[in-house]
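Take a look at the structure below.
The values are calculated or read from the model by the stated rules, or taken from the named source; none is laboratory data. This one's a predicted model, so the numbers in the text were calculated from it and none came from an experiment. Methodologically, a virtual Cβ is constructed for each residue, glycine included, from the backbone with ideal geometry; neighbour enumeration extends over all protein chains shown.
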Amino acid sequence: MERANGIEVEGLVREYRKGPRAVDGIDLTVAPGEIYGFLGPNGAGKSTTVHVMTTLLPPTAGTARVGGYDVVKEGPKVRSQIGVALQEAALDPLLTGRDHLRLQATLQSVPKHERRHRAEELLHRVGLADAADRKVAGYSGGMKRRLDLALALVHSPRILFLDEPTTGLDPQSRTALWEEVGLLRREAGVTVFLTTQYLEEADVLADRVGIIDQGRIVAEGTPAALKAEIGRPSVHAIPHREEDRPRIAAFLTRFGEPLATTRDVAVRLHEGLGLTDIVRAVDADGIDVVDLELRAPTLDDVFLVKTGRTLEGATEEADAENQEKRRG
């Protein structure tokens with residue numbers, strides 16, 4: 001590819017001493033202006049992949065080109081093209097938000113006459129103008145993540161790496177950050193490489209998704225195409241009593257293939273069956289359930305099919321949704 005804001009990775013391997021391969025020969029391409037969601041559980045290799053692409057770690061084998069530059073041979077040129085917001089924001093609690101931005105503008109060689117204006121622009125953009133002169137020690141988690149995003153944008157990068165940017169944030173802060181990422185792509189054509197455990201995040205933001213598990217990409221495509229590949233809906237039953245779980249699991253296998261889940265008992269339905277068929281059988285057999293729900297395929301289902309387990313973020317999302325239902 002030409003000197004553009006895209007990413008090309010071929011046969012990428014990163015091996016730690018006395019440990020397994022954190023990244024095990026992956027290939028991926030991110031087009032200029034695309035938002036690419038990189039999904040996977042903790043330890044799957046997401047952050048290691050980002051660290052290699054941002055020149056923080058050398059690859060053991062394979063190649064990675066970011067913005068048209070080789071991450072090993074042309075590291076300084078790569079760094080000039082990218083903005084990076086990692087899982088842990090490197091913020092000084094004694095400095096204010098404005099101090100951080102002015103310091104970052106200096107470190108990124110933003111012309112002196114532009115630094116003040118750039119800092120003000122970004123403080124407004126991420127909603128921190130009113131808190132600009134407060135010390136970061138008093139910032140909430142969401143405010144810190146938004147400041148970290150602003151710092152990554154100081155030098156107007158063409159490619160933005162966001163490593164689990166919304167982990168631990170409340171829903172309002174998460175939504176605000178999503179909106180900002182979408183604006184960056186729409187207004188500035190920024191390419192975004194986003195790692196996440198949150199299925200909704202990938203579904204809302206990403207043009208394409210790659211699912212990584214144990215260092216290997218096990219699925220890739222648009223969220224819609226990946227869900228269509230799974231095709232059939234699933235039925236989820238919540239037992240009235242925990243001791244009824246084995247009986248309900250055996251009952252549901254008449255209607256589909258069991259799904260691995262800890263929150264309920266679930267099966268992927270056989271072709272041609274629907275919720276009505278199961279409700280009739282539940283009544284006829286006297287099955288005691290608290291709730292019975294038909295669900296369209298989701299990215300969580302894709303992950304289950306490809307890896308045999310759920311994402312941690314998917315569990316958090318479900319717990320938050322259940323709490324919201326109880327409050328309602």
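General observations
Okay, residues lined up against (1) surrounded by fewer than 16 Cβ atoms within 10 Å (Cβ to Cβ); (2) under 13 Å from GLU293 (Cα atoms); (3) outside the structural domain of ASP301 (by TED's automatic domain parsing):
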{"site": "HIS236", "(1), (2), (3)": "no, yes, no"}
{"site": "HIS240", "(1), (2), (3)": "yes, no, no"}
{"site": "GLU243", "(1), (2), (3)": "yes, no, no"}
{"site": "ARG247", "(1), (2), (3)": "yes, no, no"}
{"site": "ALA250", "(1), (2), (3)": "yes, no, no"}
{"site": "THR253", "(1), (2), (3)": "yes, no, no"}
{"site": "GLY272", "(1), (2), (3)": "yes, no, no"}
{"site": "THR276", "(1), (2), (3)": "yes, yes, no"}
{"site": "VAL279", "(1), (2), (3)": "yes, yes, no"}
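- Just one of the listed residues (THR167, THR195) is of a type outside the set (A, V, I, L, M), touching a helix residue (DSSP H, G or I) at 6+ places or on another chain (Cβ under 9 Å) and over 16 Å from ILE35 (Cα atoms), namely THR167.
- Among the conditions (1) under 16 Å from ILE212 (Cβ atoms); (2) not basic (Lys, Arg); (3) not in a strand (DSSP E or B), the only one that PRO76 does not satisfy is (1).
- Those residues of segment 35-73 which are part of a loop (DSSP other than H, G, I, E, B), buried (at least 22 other Cβ atoms within 10 Å of the Cβ) and not aliphatic (A, V, I, L, M), in sequence order: GLY40, GLY45, THR54, GLY67
- Meets criteria (closer than 19 Å to SER156 by Cα and of a type in the set (Lys, Arg)) for LYS46: no
- Verdict on ALA237 being touching a helix residue (DSSP H, G or I) at 6+ places or on another chain (Cβ under 8 Å), touching a residue at least 40 places away in the same chain (Cβ under 8 Å), among the aliphatic types (A, V, I, L, M) and not in a loop (DSSP other than H, G, I, E, B): yes
- Pairs with Cβ under 6 Å, 6+ apart, first in segment 160-171 and within 20 Å of GLY45 (Cβ to Cβ) and of a type in the set (Phe, Trp, Tyr), second outside any loop (DSSP other than H, G, I, E, B) and at pLDDT 90 or above: PHE161/VAL50; PHE161/VAL84; PHE161/PHE193
- Any hit, segment 216-225, residues being in a helix (DSSP H, G or I), of a type in the set (A, V, I, L, M, F, W, C), surrounded by fewer than 23 Cβ atoms within 10 Å (Cβ to Cβ) and without any contact (Cβ under 8 Å) to a residue 12 or more places away in the chain: yes
- Selection count where residues are in contact with a Pro (Cβ under 9 Å, 6 or more places away or on another chain) and either crowded, with 16+ Cβ neighbours inside 10 Å or in contact (Cβ under 8 Å) with a residue 60 or more places away in the chain (or both), scope segment 121-152: 5
- The residues in segment 72-124 that are among the acidic types (Asp, Glu) and in contact with a Phe, Trp or Tyr (Cβ under 8 Å, 6 or more places away or on another chain) can be counted, and the count is 0.
- Test: residue in segment 23-34 that is assigned by TED's automatic domain parsing to the domain that holds VAL218, part of a loop (DSSP other than H, G, I, E, B) and either over 25 Å from GLY221 (Cα atoms) or small (Gly, Ala, Ser) (or both): yes
- Scanning segment 166-209 for residues that are surrounded by 24 or more Cβ atoms within 10 Å (Cβ to Cβ), closer than 25 Å to GLY68 by Cα and not aliphatic (A, V, I, L, M) yields THR191, PHE193, THR195, THR196.
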